[in-house]
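Please treat every number below as a calculation from the coordinates, not as lab data. Just so we're clear, the structure is a prediction, and the values are computed from it rather than from any experiment. Virtual Cβ from ideal backbone geometry, glycine too; neighbours counted across all protein chains shown.
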Number of protein chains: 2
Amino acid sequence: MDDITVAVLGTGGIGRRTLELSTHKEWLTPVAACDRHGIAVDHEGLDVTELLDATEGNIASGDGGAGDPVTDGGTAIKQSGAGEGVAASVQGDSTTTPIDDVIAESGLIDAVLMALPNLEHDFIPRVADRFVGAGYDGVLIDVLKRSRVIGLLDEREEQLVDSGITFVCGAGATPGFLTGGAALAAQSFVDVESIDIRWGVGLKSGYEDNRGTVREDIAHLDGYDIETAREMTDAEIEAVIDDHDGVLEFTDMEHADDVLLERAGICDADDVSVGGVLDVRNDEKPTTTTVSVTGTTFDGERATNTFQLGDATSMAANVNGPAIGYLKTGVRMNRNGVYGVFGPAELLPGF
Amino acid sequence: MDDITVAVLGTGGIGRRTLELSTHKEWLTPVAACDRHGIAVDHEGLDVTELLDATEGNIASGDGGAGDPVTDGGTAIKQSGAGEGVAASVQGDSTTTPIDDVIAESGLIDAVLMALPNLEHDFIPRVADRFVGAGYDGVLIDVLKRSRVIGLLDEREEQLVDSGITFVCGAGATPGFLTGGAALAAQSFVDVESIDIRWGVGLKSGYEDNRGTVREDIAHLDGYDIETAREMTDAEIEAVIDDHDGVLEFTDMEHADDVLLERAGICDADDVSVGGVLDVRNDEKPTTTTVSVTGTTFDGERATNTFQLGDATSMAANVNGPAIGYLKTGVRMNRNGVYGVFGPAELLPGF
């Protein structure tokens, strides 16, 4: 009854870690995984160790960064260090239509985790359309980052409800975990004046595996956007890093925490700011990841509540743990007949 | 559709503050309130200002402490400084059966907040029985503290489900708000080794209004229990406070955070500890309220995540804000046909 079967779209960093985390969760059985090389399906449960070996070169994202290898014919993404992919697994089959192949199995899948965080903005909404078209009626969950994607999903709310799909969006670290922390911390207040999300990541030992993430982060710097960052050569990326002595600081990032907190009625999107510090040359976090929520209580006091992550927790743990947690809640909602689009802050106490 | 009507049982500190908070929440309309003096009902919405005036002397609990005046014929509770109660309100009627009178109106009530935190252990379960008996099919929510009450509610799960009741238990500060913080902070980890909840409260200016709370807290000190604390005279209570120079420190309190976190699958109840420091003679909090969750991530790192409340947030804000938040989630669940007994940690992402 409480067991959940999951399909994982993408075998970059997030997809692989979802598979790995599933081995810690008795209730979660990965039954399908795909990347642009192929698809693996086993309704009794995939051999995770074998799949992790087969997709080892695919870690191109440490926190859900760019470079995921899933495409559906034409949506090719730059990727460094790609391995042989799912098709190299004994269980896997080579295919040119990996997502369609997962959709064909979707009647036996409770939840689909779209580990495709940094593709074109409309990629995930378009994948959702294809699941709707195939009559899927389970959970779709993503770890997207950009605010503008939420609107594209909202436009699809009616079709998702009609299909019986529960779509949980922005369920990684930020948005996701830290959005949830903000929504909970807001409960002391009747008026929230500001929510400040500030993350720290140290990447030295993981840099080679996280080039995609660094590229995506550069897109948030002044003078860059997703398109320009995507076109940069590795040498150009290195040059930007050198210019900053290995430490990239970000302010006012376009992360969907803002619209997801507004959706939940907690504050205006404009009251939310997201920033962080990425140190490419040290493993130590350059700053402690902290969510600060400032507001006024019903009895007129102004205060700040905080939610803080231990410095030893990796970006990976803080993306994938919450994603699996929100997935579990999404499946419970779906089984109770609750359909539509939901952000992480809507799965917490109301405001 | 999103509007919620609420009945409040009890006009001690928590009940009064629920009424006050409702004036900050457009979606929440209090339509009934009762205490041992009487009942007030208005399906268009109670006159909160008038009710607060009429029940002013009833604040006997600052964080949901003892001394709530609701009884149902025989369950008299010691209370200092009781006012004239609901019956003194122009809208209110004197009654000897206040809870039954609310139950009679329950067809028009979406949620019932039982602001009765410190009565006998089986009082809230028995009130639930009476709502079941009357065919109520909405939300019941309480701000109880003691672990042992949860078992009494679990025994009633089947009747509650059959009745279509969604029961949210332990939805104040601790358990409640801080339980939720712990459940969320746990999401970084695959194994949680300890959860430490430590609260600080400064009471100087509110002492007279919070004698009931102090009495209930004394029941947690070594050598005392609920029964002995209830029998103490005010002079005996003062003597204990003097012995401690006004600062009472508590360890290993029986607060239901432990069983509620175990229910949600986050850790064993034994891994949870609750303690705090109450300074009766200062308004400043003697320690910052902090939840610390220590665990191991899927990638083998040990770390501690924290959830911390600003020192200026009052006990009142941290009990009543979350209670109203959990109430909203409970009503959404109830309207979606989700019935049974739920703790705060079960309304957050799964684990």
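The mean count of C-beta atoms from other chains within 10 Å of the C-beta of residues in A:336-345, rounded to a whole number, is 2.
Farthest toward the positive end of the dipole of the protein assembly as shown, out of B:272, B:125, A:197, is the Cα of B:125, where the dipole comes from beta carbon charges about the Cα centre. For the peptides B:219-231, B:23-35, the ranking by packing is B:23-35, B:219-231, with the highest mean count of neighbouring Cβ atoms within 10 Å listed first.
Shielding value for A:169-178 is 1, the average number of Cβ atoms from other chains within 10 Å of each residue's Cβ. Of the GluC sites (Glu not before Pro) found in the stretch B:153-199, those that fall in a DSSP loop while having at most 13 other beta-carbon atoms within 10 Å are B:155.
Ranking A:17, A:198 by Cβ neighbours within 10 Å, fewest first, what do you get?
On the way: A:17 27, A:198 19.
Going from sparsest to densest Cβ surroundings: A:198, A:17.
Grab the DSSP H runs of chain B that are 4 residues or longer, score each as -39,500 (n - 2.57), total them, divide by all residues and round the 222 nm result to the nearest 500 deg cm²/dmol. Don't skip to the end; give the middle numbers.
Working: 12 runs with 111 residues, N = 351.
So the calculated ellipticity at 222 nm is -9000 deg cm²/dmol.
Ascending distances from the residue A:234 label point to its copies in the other chains, with the point 7 Å along the Cα-to-beta-carbon line: 7.9 nm.
Going highest first, how would you order B:110-116, B:272-278, A:253-259 by mean Cβ packing within 10 Å? Walk me through the numbers before you get to the answer.
Working: B:110-116: 26.3, B:272-278: 21.7, A:253-259: 24.3.
The most tightly packed comes first, giving B:110-116, A:253-259, B:272-278.
Under the classification rounded if a/c is under 1.5, otherwise prolate if a/b is larger than b/c and oblate if not, where does the stretch A:233-297 fall, given a ≥ b ≥ c as square roots of the Cα gyration tensor eigenvalues? Because a/c hits 1.5 or more and a/b exceeds b/c, the stretch A:233-297 counts as prolate.
Among the lysines of the protein assembly as shown, pairs at least eight places apart or on separate chains and with Cα atoms under 19 Å apart come to 6.
Whole Å is fine, so just give me how far the alpha carbon centre of the stretch A:183-237 lies from that of the stretch A:316-345. Measuring centre to centre over Cα atoms gives 23 Å.
Dipole size of the stretch B:279-351 about its Cα centre, with +1 on Lys/Arg Cβ and -1 on Asp/Glu Cβ: approximately 380 debye, rounded to the nearest 20. The string of couplings for the stretch A:11-28 from the Karplus curve (6.51, -1.76, 1.60, θ = phi - 60°) is 10, x, x, 5, x, 5, 6, 4, 4, 5, 4, 4, 6, 8, 10, 4, 7, 10 Hz, one whole number per residue in order, with x for Gly and Pro.
With charges set only on the Cβ (+1 for Lys and Arg, -1 for Asp and Glu), what does the dipole of the protein assembly as shown come to about its Cα centre, in debye to the nearest 20?
Working: 46 positive and 126 negative charges, 107 e Å.
Here the size comes out at about 520 debye.
Inter-copy label distances at residue A:104, using a point 7 Å along Cα-to-Cβ, come to 6.7 nm with the shortest given first. Could you list, bin by bin from short to long, the percent of Cα-Cα pairs of chain B in 20 Å steps? Reading the bins upward from 0: 32, 59, 8, 0. Residue-wise HN-Hα couplings along the stretch B:275-283, as the Karplus relation 6.51 cos²θ - 1.76 cosθ + 1.60 with θ = phi - 60° gives them from phi, are x, x, 10, 10, 9, 7, 10, 9, 7 Hz; Gly and Pro carry x.
Relative contact order of the stretch B:188-312, taken over Cα pairs closer than 8 Å and 6 or more residues apart, is 41 percent.
Let me confirm one metric for peptide B:290-298, namely the mean number of other chain beta-carbon atoms within 10 Å of its residues' beta-carbons. Don't skip to the answer; put the middle values down first.
Values: counts 2, 1, 2, 1, 1, 4, 4, 11, 13.
Averaged over the peptide's residues, the number is 4.
Cβ crowding within 10 Å, taken as a proxy for footprinting-reagent exposure, orders A:143, B:139 from fewest neighbours to most as B:139, A:143. Across chain B, the relative contact order, built from alpha-carbon pairs under 8 Å that are at least six residues apart, equals 20 percent.
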